[in-house]
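Read the structure below first, then the notes.
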Amino acid sequence: MSVLDWLIIGCLSITILSSIFALFFLYSYVTLRKKNNKIAQKRPKNKQKRRKWKRQLRLLAKRKKSALIKIIIFLVLLFSSLGGALYCRYYQSINLGKEDQEIISQTYFILDEVSTELKNIQNGSNVDKTQEKLKDMLSVLVSYTSRTPSTSLSIEGQQQLRYYYTKTREFGTNLYGQTPEQLSDKTKVAAFQSDISELEKKQAEIFKEFHINKESIRAQNKNDK
């Protein structure tokens with residue numbers, strides 16, 4: 001599980017415990033109040049008994065105040081932890097997890113490299129040698145996009161990524177199966193370049209939706225190299 005998952009579990013645990021303690025001290029406060037009202041109605045006439053009666057009332061008032069303070073403390077904890085859990089869950093639903101970030105990052109660079117190799121074919125590069133490079137890249141591309149998006153994302157986010165993964169995987173599988181003769185056909189290569197352009201549009205939508213900085217991905221890729 002991710003750090004956010006543990007944070008959500010921790011916050012929810014605190015929420016449950018806080019609600020239990022808040023209810024317990026609320027019950028104590030109500031019980032003490034009833035007892036206080038009952039004793040207050042029985043004011044003794046005897047001076048000595050009256051002093052004892054007043055001490056009882058002061059003690060009950062002190063205990064009521066203590067119970068009330070504890071109710072407030074646990075209610076604050078309850079709403080704070082619940083708010084924290086809800087915020088973490090919301091943040092989780094609109095931001096990519098580590099695995100999905102890696103998939104988007106890797107497919108971004110692989111598609112860019114595939115496009116470069118296809119341009120090389122169009123410019124007269126050796127098709128057999130270029131196909132070997134393409135197959136290595138495409139096998140990695142298909143492997144990455146065979147995964148499923150994190151269920152922590154919103155339904156819309158999962159659908160968006162699932163569509164992109166599926167289309168990218170189909171593209172990779174289709175291009176992988178091409179023979180050198182087929183790749184020598186400039187019309188067919190141009191069609192694959194067009195497919196890459198469509199996938200790049202989907203990438204741009206994902207970058208915008210999940211607030212991904214393209215420059216940071218490039219910088220990370222340079223560091224990895």
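The values are calculated or read from the model by the stated rules, or taken from the named source; none is laboratory data. Keep in mind that what you see is a predicted model, and the values were worked out from it rather than measured. Note that each Cβ is placed from the backbone with ideal geometry, even for glycine, and that neighbours are counted across all protein chains shown.
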Does at least one position in the range 92-111 carry a residue that is surrounded by fewer than 17 Cβ atoms within 10 Å (Cβ to Cβ) and more than 30 Å from residue 193 (Cα to Cα)?
-> yes
Tell me, yes or no, whether the range 35-50 has at least one residue that is within 30 Å of residue 92 (Cα to Cα) and either touching a Leu at 6+ places or on another chain (Cβ under 7 Å) or surrounded by 13 or more Cβ atoms within 10 Å (Cβ to Cβ) (or both).
-> no
Determine which member of the set 187, 168 is farther than 17 Å from residue 96 by Cα, surrounded by 19 or more Cβ atoms within 10 Å (Cβ to Cβ) and hydroxyl-bearing (Ser, Thr, Tyr).
-> 168
Kindly state which helices (runs of 4 or more DSSP H) lie completely within the range 101-193 and contain at least 3 residues that are of a type in the set (Val, Ile, Thr).
-> 127-144, 155-176
Name the one entry in 121, 155 that is assigned by TED's automatic domain parsing to the domain that holds residue 212, of a type in the set (Val, Ile, Thr) and under 29 Å from the mean Cα position of the chain (by Cα).
-> 155
Would the range 129-148 turn up any residue that is surrounded by fewer than 14 Cβ atoms within 10 Å (Cβ to Cβ), closer than 22 Å to residue 93 by Cβ and either hydrophobic (A, V, I, L, M, F, W, C) or at pLDDT 90 or above (or both)?
-> yes
Matching residues, the range 79-90, being among the hydroxyl-bearing types (Ser, Thr, Tyr) and loosely packed, with under 13 Cβ neighbours inside 10 Å | 90
Of all residues making up the range 196-225, the number that are part of a helix (DSSP H, G or I), more than 14 Å from residue 106 (Cβ to Cβ), at pLDDT below 95 and among the hydrophobic types (A, V, I, L, M, F, W, C) | 3
Scan the range 58-78 for residues that are surrounded by fewer than 17 Cβ atoms within 10 Å (Cβ to Cβ) and among the hydrophobic types (A, V, I, L, M, F, W, C) and jot them down.
-> 59, 61, 68, 69, 72, 73, 75, 76
